[in-house]
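Note sheet for the following structure.
The values are calculated or read from the model by the stated rules, or taken from the named source; none is laboratory data. Fair warning: this is a prediction, and the values are worked out from it, not measured in the lab. Every residue, glycine as well, gets a Cβ built from its backbone with ideal geometry; the counts of neighbours run over all protein chains shown.
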Amino acid sequence: MMVVRVLLAVAMMVVGGTIVVRMLPYGIAQTFTGLILGLAMLALGAYRLHQLYRYGRAQR
Amino acid sequence: MSHHHKPELRRAVTPWGSFSWGYSDVGADIFVGLGLVLGAAAGASNVAFLFAGIVYVCIGLAYTELAATYPVAGGGQYFVTRGLGDIFGFIAGWAVLLDFTIDIALFAWSCVDYLSQLLPIVSSSDHPWAHFAVTVGLIVGLCLLNIIGVRESTAFNGIVSAMDVVSETAILTIGFLFAFDPGLLVHTMQHSWPSPFDLMKGTSLAIVSFVGLESISQAAEETQRPASIIPRTSIALILTILIFALAYSNLALGMHTWHAIPLDAHGHAQLLWQYLGNNDNNGKAVALIAAQVPYWGAIAAFYVPILGAILLLISANSGVFGSSRIAYAMSSGSLLPSIFQRVHKRFRTPLASLLVFTGVALIEVVFAALPSLSPHMADAYAKHFNGESGIDFLGDLYAFGAATSYSFVFVALVALRLADPLSPRKFKIPVNVPFTFRGERVEFPVIAVFGFIGIVAILVFTMITHPIGRIAGPAWIVFGIVLYLLYRRRKRLPLLRSHKRDWRSEQVEILRRAGELELMDQYIANVKASDARAQAGGLSQ
């Protein structure tokens, strides 16, 4: 179960990061909805990984 | 037996259970909302989802705070009754009841739409009678399931919600990594930007994708230690749903399809968003977009319609669950007759509520199905309601009910912050302005004001752009108010004013029953300190 949780968080960060990197060349005004989505996914993925890391340490 | 216990709703929902009650309700919304919004807001669908999504985050935060502070099954109507009084509480609860009955009807309807992707015999356009019969059968079946009990369905919700989160993440990940083209997104937004009227219509429909937070506050009463669990589960829920909705809408506008898209009815080529948003496909848009994703689409084409159908069925089930529990709570608060409070002796579920509100959902399905079942009715709908289809009819009412009840919830949040500063709030909406009000330190929630403006804007958009929503929605509210006044007169309760309740002892009882004993002690201490301050103030004068 833990592996699935980590994979979901990593997938979210990879996708979020990819969206941001690919959208930036088109300008913020043109792609703001996509940029918000990418940043939100990046932030949520990172937050989730951080949470899982803390949870894992507490378990040990 | 001399000792008589009043039957109560049993506590059976775990943290994951409470997330999945919410997820299976709100998470399924995108399966219905995506096609409807693409059909209305075209190249600005992502903007419509973003606007509705921001409002939804504010609503979600408001619900999280209120449900964690007052973990009772009433949800929105309880908060509004407590903050603004009985009549407003009734209107908010009645609007939510409309939404839950629509939830049953709309999601059972869409469930059959998704099934029709694999079983064309139940397609609403080709076999309307079969579609109608299966929808009715599903609703009756769900009613029976709920009469039997809650725990069975909670476990099932959990498994399907987990499968759906993994599946949607896979579809969106592969779609964005291999088929998404930002240039195409920008091009679509520039060349297919809708008229202001269509953008308003799309935005009001986008809120359909975010309805259902009520169910998490419904589950609060049945969750162990709700003050700690509810904020965690509902914030996870809000973010998951927001990201999925934004992701699907951006992907639909900017994805290169893996297979050729069929020509439209006039033999013209169409883009992905046009294909997903047309009348034949808008009920099953997520299944169609999943099938267009590279590699994974080959498998997704088969399982997404099934997964979507199951999730929509669970969402319809959340409607059955939610409406019965709201009616139970409204009845406990003397807003509805006591028959809605009666719990079945053997199964301990509210039988009368389940039967009545499932019955209302069945009537709504009949109204929604009429244009496809009878050409005569189709003409009447075309003449009076701009030719709205069955799914539009349900979508209109859904948006109206949600916007109405959520508007009240924001006002109630502010009112409760001022009127009840003593209740411990384990979670508070961020950004507050502290000041002193009637001798107590209170905090004014700034975000609630923005949320209120946003949701009222969506309510206005709904009234402007939906011919059925603006007639049937207010008609439902007026009908409810008449029933309410008759009931209150019969019971010799104040008609427009609230009857007196001891909120302080009720709050202690709520926290005790929820198992939040630390918060209960804190509340009692706050009340004592406040009384002492008031007494000291009185003596010094």
- [ ] Specify the residue that is nearest to the other protein chains (Cβ to nearest Cβ); the eligible residues are those in the range B:179-201 that are buried (at least 16 other Cβ atoms within 10 Å of the Cβ) and hydroxyl-bearing (Ser, Thr, Tyr).
- [x] B:THR188
Task: Neighbours by Cβ (under 6 Å, 6+ apart or cross-chain): first from the range B:234-250, more than 7 Å from chain A (Cβ to nearest Cβ); second of a type in the set (D, E, K, R) - done: B:PHE244/B:GLU168
- [ ] Would you check which residues across the range A:9-60 are more than 30 Å from B:HIS191 (Cα to Cα) and not in a helix (DSSP H, G or I) and list them?
- [x] A:ARG60
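Answer yes or no as to whether B:GLY141 is within 14 Å of chain A (Cβ to nearest Cβ) and more than 30 Å from A:LEU24 (Cα to Cα).
Spelling it out, it is not the case that B:GLY141 is within 14 Å of chain A (Cβ to nearest Cβ) and more than 30 Å from A:LEU24 (Cα to Cα).
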Open item on the list: Please pick out the residue among B:LEU362, B:LEU288, B:LEU312, B:LEU307 that is farther than 30 Å from B:PRO494 by Cβ and in contact with a Cys (Cβ under 6 Å, 6 or more places away or on another chain).
Closed with: B:LEU312
Task: Restricting the range B:113-134 to residues that are over 17 Å from B:SER374 (Cα atoms), under 25 Å from the mean Cα position of the chain (by Cα) and in contact (Cβ under 8 Å) with a residue 40 or more places away in the chain, the residue that is surrounded by the most Cβ atoms within 10 Å (Cβ to Cβ) - done: B:ASP113
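Residue-by-condition table, conditions (1) free of Cβ contacts under 8 Å to residues at least 12 places away in the same chain; (2) surrounded by 21 or more Cβ atoms within 10 Å (Cβ to Cβ); (3) of a type in the set (Lys, Arg):
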position	(1), (2), (3)
B:GLU443	no, no, no
B:ALA448	no, yes, no
B:ILE453	yes, no, no
B:VAL456	no, no, no
B:ARG470	no, no, yes
B:ALA475	yes, no, no
B:LEU485	yes, no, no
Open item on the list: Restricting to the range B:503-530, count the residues that are without any contact (Cβ under 8 Å) to a residue 24 or more places away in the chain and farther than 14 Å from B:SER423 by Cα.
Closed with: 1
Open item on the list: As an exercise: evaluate B:ASP103 against (1) surrounded by fewer than 24 Cβ atoms within 10 Å (Cβ to Cβ); (2) of a type outside the set (A, V, I, L, M, F, W, C); (3) away from chain A (no Cβ under 14 Å) and give the number of the one condition it does not meet.
Closed with: (1)
Task: Near pairs, Cβ below 7 angstrom, 6+ apart or cross-chain, from the range A:1-29 (within 9 Å of chain B (Cβ to nearest Cβ)) to any residue that is aromatic (Phe, Trp, Tyr) - done: A:VAL15/B:PHE176; A:THR18/B:PHE176; A:ILE19/B:PHE176
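Based on what the data block shows, is B:SER498 surrounded by fewer than 19 Cβ atoms within 10 Å (Cβ to Cβ), in a loop (DSSP other than H, G, I, E, B) and hydroxyl-bearing (Ser, Thr, Tyr)?
yes
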Task: Positions within the range B:187-219 being more than 30 Å from the chain's Cα centre (by Cα) and without any contact (Cβ under 8 Å) to a residue 40 or more places away in the chain, in sequence order - done: B:HIS187
TODO: Would you check if B:ALA291 is touching a residue at least 24 places away in the same chain (Cβ under 8 Å) and either buried (at least 23 other Cβ atoms within 10 Å of the Cβ) or closer than 25 Å to B:THR462 by Cβ (or both)?
DONE: no
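Taking helices (runs of 4 or more DSSP H) that do not extend beyond the range B:363-477, which have at least 3 residues that are at pLDDT 85 or above and within 20 Å of the chain's Cα centre (by Cα)? Please lay out each step first, then the result.
Details: elements: B:375-384, B:390-419, B:446-465.
Of the helices (runs of 4 or more DSSP H) lying wholly inside the range B:363-477, those with at least 3 residues that are at pLDDT 85 or above and within 20 Å of the chain's Cα centre (by Cα) span B:390-419, B:446-465.
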TODO: Could you tell me which residue of the range A:36-60 is nearest to B:ALA179 (Cα to Cα), considering only residues that are surrounded by fewer than 19 Cβ atoms within 10 Å (Cβ to Cβ) and within 11 Å of chain B (Cβ to nearest Cβ)?
DONE: A:LEU39
Task: Unmet requirement for B:SER331, which otherwise passes all of (1) touching a residue at least 40 places away in the same chain (Cβ under 8 Å); (2) touching a Ser or Thr at 6+ places or on another chain (Cβ under 7 Å); (3) of a type in the set (Ser, Thr, Tyr) - done: (1)
TODO: Kindly establish whether B:SER110 is within 14 Å of another protein chain (Cβ to nearest Cβ), in contact (Cβ under 8 Å) with a residue 40 or more places away in the chain and in a helix (DSSP H, G or I).
DONE: no
